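Chemist: The structure under discussion is supplied below as structure tokens; questions concerning it will follow.
Every number here is computed from the coordinates shown, using simple stated rules; none is lab data. As the structure is a computational prediction, the values presented were derived from the model and not from experiment. Don't worry about glycine lacking a Cβ; one is built from the backbone with ideal geometry, like all the others, and counts go over all protein chains shown.
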Amino acid sequence: MLTNEDFEKELEITRNLMRQEDPSKTINPIRKIGTDNYSPKYQVKRLRDEKIFTMMLIEFKTNKEKKELENRITLMRLSKSSFVQDIEEVFEYRQRFWIICESIVADFTELLIDFKTNYSEKFVKYACYRVLQGIQFLHERNIIHRNIKSDS
């Protein structure tokens, strides 16, 4: 279990990993792929190798909001699992965090609604089971996902 002291060390590592530069010199937006409670999400291409990623663009207005987002980013960084989206890199630029994550082709809502496909009960059971495995993974680490919904 992560102690407060350990988390503070990890938070400092997160802050040191954040790049303080214009992300447009590193990535190109391709398209907007959605919005969650925090931010718009985009599909982006990294310029150096043309690899595709998902980017969350999160604005902060106060120091308190910034610290809360740093905590969230640290938790994401520490949650290495096939159930949790990996962070590739983070930029802090113009009062925003630009969080570059592994690419997600489609979220659960897109799979079930937007593609207008009839999925078997077996597939839906499996998808729900995988979501529950992800929640269990986080809970075993005393992490509570405060925004559980079909597209997160």
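Chemist: Quote the relative contact order of the stretch 1-69 in percent (integer), defining contacts as alpha-carbon pairs under 8 Å separated by 6+ residues.
Modeler: Working: 64 pairs, mean separation 13.1, N = 69.
Relative contact order for the stretch 1-69 comes out at 19 percent.
Chemist: Enumerate the aspartates and glutamates that K66 could reach by cross-link, defined here as Cα to Cα under 19 Å, with residues fewer than 8 away along the same chain left out.
Modeler: E8, E10, E12, E21, D22, D36, E89, E92
Chemist: Provide Rg and Dmax in Å for the stretch 4-105, with only Cα atoms included in the calculation.
Modeler: When restricted to Cα atoms, the stretch 4-105 yields Rg and Dmax of 13.3, 40 Å.
Chemist: With a 10 Å radius around each residue's Cβ, average the other Cβ atoms per peptide and rank 17-29, 65-77, highest first. Could you put the intermediate results ahead of the total?
Modeler: Values: 17-29: 13.7, 65-77: 17.2.
Taking the mean over residues of other Cβ atoms within 10 Å, the ranking is 65-77, 17-29.
Chemist: I30's amide H: which non-local residues (gap 5+, or another chain) put their own amide H closer than 5 Å, with H modeled 1.01 Å from N in plane and none for Pro or chain starts?
Modeler: Placed amide hydrogens put Q43, V44, K45 under 5 Å from I30.
Chemist: Alpha carbon centre of the stretch 122-144 versus the stretch 74-89: separation in Å?
Modeler: 15
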